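Take a look at the structure set out below.
Please treat every number below as a calculation from the coordinates, not as lab data. Because the structure is a prediction, the values reported are computed rather than measured. Cβ coordinates were reconstructed from backbone atoms using ideal geometry, including for glycine residues, and neighbour counts include every protein chain displayed.
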Amino acid sequence: MKKRVFSGIKPSGSLHLGNYLGAIRNWVADQDKCENIFCVVDQHAITVDYEPAALRQNVRELVGLYLACGLDPAPCALFVQSHVPEHTELAWLFNCVTPMGWLQRMTQFKEKSDDLREQVSAGLFTYPTLMAADILLYQTEEVPVGDDQKQHVELARDIAQRFNHLFGETFVLPEPVIRKVAARVMGLDDPSKKMSKSTTSDSHGIGLLDPPALIRKKLSRATTDSQREIVFDRERPGVFNLLTIFQALSGQSQEEIEAHFAGKGYAQLKGDLADLVVATLEPIQARYREITSAPEQIDQILAQGVTRLRPLVEATMTRVRCAMGLR
Ligand code: ATP
Ligand code: LTN
C-alpha cells in the first residue's frame, strides 16, 4: 500500500531555493512511491496583508512552478485550497476542539505577530487549525515539509488525537517528514534567519525564477566570515549555509566537498555554487515558460485534482459531521 502524502505552499510571493530544497524537490523525488496530494494554500496567504491581484498571479505562478519542478499530474492530485470549501468548514470545527493554549505556543505565530501586535488578524492566530484541516481532511499519513513546519504538523496530530478521543476514531494520525540536508536554508544576507518569501531585502534569497546573472550577484554578496578554511562548521553559519546548499544540489558527501574546496577561497566557493544553482534552475525555468504559455491546461489540471479528491473529502466530512452531532 502506498503512503498517502499531503503538503502545501502559500502563494505569498516568489518561491525560493529553501522552498525547493526543503519541500518541492522531496515531493518530486518520492512521487512514484506515494499517493500524493499537493495544494496551493491560498487561504493561508490571506492571513496577513496582501493584494488580491498579486494573490491571483502568485497562485498561477506557484502551480506553474509545481509542474516545472517535476510534479506529475498523473501520480499527484494538484489543487487550490479555496476550490475545496470543506477545508474551511473542517477548520471551523477544529477551532471548536483546539485549546487556545495550543495555538498560543506556536512559534510561527509568535514570530509573525511580533511587529503587528494588536493588528494581527484572528486568521493568523488560527492558521494552524486550517493547516490541520488541510492534512486531516485527506486522512494523510505523511507530511513532507521543511523544518519550520514541524510544530504545525505535530499540532495537527494532536488535534486528530483529541478529536478521536472526544468523538470516536475518525482521523489518521499524520507524521511530519523532514529531510536531513537543507531542511532549513538560511538567508544569504543574514544566516541567522531562515530564507523566506516574505523577506523583501534584495540579497536575502534566491528566487526559482531569478535570471543567472542575478543568482551570481546575490551569491557573490552572501555573508561569510573572516576565516579561511572551507569546512562544515555550524558555528560559522554563513559558510555552513552555502556548503549545505552545495551539498543538497551536488549530492556529494561533506568530506568530498571539503576536499574539493581545500586550499581555495570564498570566491571559488561562491562561483562553484552559482554554477550549480544555475544548472539546477535553468531547466526548471525553461519548463516554467513552456507550461505557463498554456494557462487553460493548468486550469484543467487543477479541476481534475478537485474531482479526484471529492470522494475522499465527502467520506471524511460525512463521518465528522455525524460524529459531532451536526447531522
Ligand atoms: P513566508 O515567508 O510567506 O512565510 P516561506 O518562504 O516560509 O513563506 P512557506 O509557504 O511557508 O514558505 O513554505 C512552503 C514549504 O517550504 C514548507 O514546507 C516549508 O517548511 C518550506 N520552507 C520554507 N522556507 C524554507 C527554508 N528556508 N528552508 C527549507 N525549507 C523551507
Ligand atoms: N503552513 C505551511 C503551509 C501549509 C501546509 C499545509 C504545509 C498549509 N497547509 C498542509 C503542509 C501541509 C507553511 O507555512 N509552509
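Take G64 and tell me if it is touching a Gly at 6+ places or on another chain (Cβ under 8 Å) and in contact (Cβ under 8 Å) with a residue 24 or more places away in the chain. No. Look through the range 106-131, keep the residues that are more than 21 Å from the chain's Cα centre (by Cα) and not in a helix (DSSP H, G or I), and return whichever of them is surrounded by the most Cβ atoms within 10 Å (Cβ to Cβ). The qualifying residue surrounded by the most Cβ atoms within 10 Å (Cβ to Cβ) is V120. The residue that is nearest to ligand 2 (Cβ to nearest atom), among those in the range 1-27 that are free of Cβ contacts under 8 Å to residues at least 60 places away in the same chain and farther than 12 Å from L65 by Cβ, is K2.
So which residues in the range 192-205 are touching a residue at least 24 places away in the same chain (Cβ under 8 Å) and either over 13 Å from T223 (Cα atoms) or under 19 Å from the mean Cα position of the chain (by Cα) (or both)? Before the answer, list the steps.
Of the range 192-205, the ones touching a residue at least 24 places away in the same chain (Cβ under 8 Å) are 192, 194-198, 205.
Scanning the range 192-205 gives K194, M195, S196, K197, S198, G205.
Counting only helices (runs of 4 or more DSSP H) that sit wholly inside the range 206-295, those with at least 2 residues that are in contact (Cβ under 8 Å) with a residue 40 or more places away in the chain, among the charged types (D, E, K, R) and over 19 Å from V181 (Cα atoms) are 266-292. The residues of the range 124-153 that are in contact with an Asp or Glu (Cβ under 9 Å, 6 or more places away or on another chain), closer than 18 Å to Q108 by Cβ and within 14 Å of ligand 1 (Cβ to nearest atom), listed by number, are V143, P144, V153.
Rundown of residues vs (1) touching a Phe, Trp or Tyr at 6+ places or on another chain (Cβ under 9 Å); (2) free of Cβ contacts under 8 Å to residues at least 40 places away in the same chain; (3) of a type in the set (F, W, Y), yes/no style:
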| position | (1), (2), (3) |
| --- | --- |
| L93 | yes, no, no |
| V97 | yes, no, no |
| D114 | no, yes, no |
| G123 | no, no, no |
| T126 | yes, yes, no |
| T129 | yes, yes, no |
| D134 | yes, no, no |
| Y138 | yes, no, yes |
| Q151 | no, no, no |
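Show me the helices (runs of 4 or more DSSP H) found entirely inside the range 1-71 where at least 1 residues are under 22 Å from S293 (Cβ atoms) and not hydroxyl-bearing (S, T, Y). By residue number, 25-30, 52-68. Yes or no: L188 aliphatic (A, V, I, L, M), more than 12 Å from ligand 1 (Cβ to nearest atom) and farther than 20 Å from V28 by Cα? Considered against the rule, which asks whether it is aliphatic (A, V, I, L, M), more than 12 Å from ligand 1 (Cβ to nearest atom) and farther than 20 Å from V28 by Cα, L188 comes out as no. Taking the range 279-327 as the range and being closer than 17 Å to G70 by Cα and of a type in the set (V, I, T) as the test, the residues that pass are T280, I284, I291, T292, I298, I301.
The residue list L136, L166 contains one member that is assigned to a helix (DSSP H, G or I), away from ligand 2 (no atom under 13 Å from the Cβ) and not β-branched (V, I, T), which is L166.
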